1. Go ahead and set up a Gaussian network model of chain B, Cα springs under 10 Å, then flag whichever of B:55, B:141, B:321 fluctuates most.
2. For residue B:75, which inter-copy label distances result when the label point lies 7 Å beyond Cα on the Cα-to-Cβ vector, reported in nm to one decimal and in ascending order?
3. Where a Cα-Cα gap under 24 Å defines reach, which lysines qualify for residue B:130, not counting those fewer than 8 residues away within the same chain?
4. Output wanted: per-residue J couplings in Hz (rounded whole) for the stretch B:265-280, from phi through Karplus 6.51 cos²θ - 1.76 cosθ + 1.60, θ = phi - 60°, x for Gly and Pro.
5. Students often forget the sequence filter, so: which lysines lie under 23 Å Cα-Cα from residue A:24 once same-chain residues fewer than 8 apart are removed?
6. How much FRET efficiency would the formula 1/(1 + (r/R0)^6) give for residue A:359 and residue B:290, where r is the Cβ-Cβ distance and R0 is 41 Å, rounded to 0.05?
7. Suppose each label sits 7 Å from its Cα in the direction of the beta carbon; what would the residue B:45-residue A:69 distance come out to in nanometres?
8. From the phi of every residue in the stretch B:82-93, what ³J(HN,Hα) in whole Hz does the Karplus formula 6.51 cos²θ - 1.76 cosθ + 1.60 yield, where θ is phi - 60° and glycine or proline is x?
2 protein chains.
Amino acid sequence: MGSPVGSDMVGTNVDGGSHLDERKAAILRAVVTEYIETAQPVGSQRVAQAPEVSVSSATVRNDMSTLEREGYLVQPHTSAGRIPTDKGYRFFVDSLGGPGRLDPSQRHRVSQFFARAHGELEQMLDDTSKLLSGLTDYAAVVVGPNHESAAVRSVQLVGLTAHLGLLVVVLSDGAVEKRSIELRDDVGEARLAAATAHLSAHLVGRSLHERSSSRSQPTALPPTGDSGTDGVVADAVIALAGLAADRQEEMEQVYVGGASRMAAAFDAVETVRSVLSILEQQYVVVTLLRDVIDRGLSVAIGKEHGVLPLAECSVVVAPYVSEGQPAGTIGVLGPTRMNYPQALTAVAVVSQRLGRHFDDS
Amino acid sequence: MGSPVGSDMVGTNVDGGSHLDERKAAILRAVVTEYIETAQPVGSQRVAQAPEVSVSSATVRNDMSTLEREGYLVQPHTSAGRIPTDKGYRFFVDSLGGPGRLDPSQRHRVSQFFARAHGELEQMLDDTSKLLSGLTDYAAVVVGPNHESAAVRSVQLVGLTAHLGLLVVVLSDGAVEKRSIELRDDVGEARLAAATAHLSAHLVGRSLHERSSSRSQPTALPPTGDSGTDGVVADAVIALAGLAADRQEEMEQVYVGGASRMAAAFDAVETVRSVLSILEQQYVVVTLLRDVIDRGLSVAIGKEHGVLPLAECSVVVAPYVSEGQPAGTIGVLGPTRMNYPQALTAVAVVSQRLGRHFDDS
DNA sequence: GTTAGCACTCGGTAGACTCGAGTGCCAGAG
DNA sequence: CTCTGGCACTCGAGTCTACCGAGTGCTAAC
């Protein structure tokens, strides 16, 4: 609540203009706050009435004019109030100390959620995205934990039909992966069992990853002495390699909750459509989140992230940490004029609780 | 293309008014067709120009007036053209003989899709929903196959940590279900193995369903002689029962594709929001589809289905059949003024191909 | 440096008017 | 009895004008 700029999170600074004196900063903050609430351009009079600004509207006008020249505000048209630019929001966000406290009822809601949390991983993550969306009233995304180092706990080949088998792998993080395999005519239950035993002997306890250094030519296992069994084993090893690769890419499953709330955030139906369409492209969403995290930000505002159709959106993200390591990411997607303080705290609280939840289970 | 009403698919007929003479039927069809295309109220002049109507606009006016009195059309306001009511659409849909042929490029697209279809069930179904959405430009839903009678092919207990185990069940339809189980201190690898063996001996080959007649008190297995093992087995049996129940409810996972396209279908942003919000509630969607199917319909128009927020939407559904039995459902959700002929054929073709795909694999 | 005062701008709203697509009805032709 | 051409009428949508008022920028005084 004191220093003008948090120097650790400086985003886009076109010029040296990020040094605002305290009064201008207060005025800017007031404009942003007001605009977030009303979605209407805010004028000097309104700002002058704000408790943290104790100067006349004329002075505010002068300062707002300066703020506009420096790129923090824009006027939709002459003789209208002013609206924050991305840069204005950025200053606002940076000047928030950090996530605040959740209000009691929401706090309770989160506690309830994690107390009752049940079911398997996927369900849990999906529900979490809905929780976060409900807390913020924006769309929420949750990226699943990527236990890269997960060890194989069990490998099993199961026959489904005469020509179709299923390779089932259980990993130490509780994930179960499967892959169907074509079986040749000469493979019966006996050979499946033999292959299962052979695979188990060589793979259990090791990381799925270390077996798949090269996908096209996975390391073969030593022969069993029975060529029919060896054939199945070889197929299984190939499937395993593919599985490992898929897991790397696709394991980063993203769960999107409350996408419909984006419709309430914009009034141009075309904007809604394009935003929703982006949210349907899991790959884009994951990339976006990773990008933001990689750049060390916790908020990406408007055009700061590269995704053009989301130019009118901001993203608030946080990694969640399980067993001391960053495991996945959660985030909130809303309009640029979103309620940043609330979103920041909601994301912070949920990410923390989520990590703890995984550690406890 | 000849008889006025397909008597097999009669929907809501308020009164005996479903007997339209051929000319009125042609006029009604023309109005619907035109309105589907332009989304504008259509006037008598336009209809009179349609090739299948060869009378003057005055005559058309008289007939349209009658059609309005009988509830097939409405005027948004005096001195505007007319718009079909739900009843009007119903007549139109019923008077279509049945699904037509897909245009060649779409046909090709479908073939490509199923030729390249790969990956596991979930991915496949999700992709199918995207395909169907792409074909029709509306939102598409796919409900997964419910192999109620699926037999257990493999049961396995795997230890994850000292106190956490995972029950993994492979079913004959290729589904893999899992459930975590708490382990007591005295359970080690040996007892897990023993329990796995015991469970396998009693459950493999049977249906998951037949073991779960009463969820609260599942049938216990005979004792093994070791009380520690018996404890684990009992826990596993309980987990199995829960799993079977969940599978009944939740197995009917629904995959929604192209929800964003609903935004293009309406221009009231509030409508979009409420429709999307419904689509996010899987349970409602599944119920809706089942309802429509159960009533023997393949199209539900506007208020015909009970879901109020979808009053401006229609649903086109078709079950898909695998191994001679209805396995699941696919459907398209669009605005009431959707392109029914196209949607009907797309749904018919995809459902057929999907069933065949499962049979082949 | 701050403030009060003032002329000016311009988006939004309301009312008047026009235009034209579309209707309903009637009288006459087939 | 059915169909059609003609005609008066309706009313939404678009255009134009006037006006209001929130908000600005500037200047002069404190």
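1. B:55
2. Listed shortest first, these distances are 4.9 nm.
3. A:130, A:178
4. 7, 10, 10, 8, 4, 5, 4, 4, 4, 5, 5, 4, 5, 5, 4, 7
5. A:87
6. Here the calculated transfer efficiency is 0.50.
7. 5.9
8. 10, 10, x, 8, 4, 4, x, 4, 4, 4, 4, 5
Taken together, the values in this text are just the output of simple stated rules run on the coordinates, not laboratory data. Everything numeric in this text was worked out from a predicted model, so none of it was measured. Note: ideal-geometry Cβ built from the backbone for every residue, glycine included; neighbour counts use all protein chains shown.
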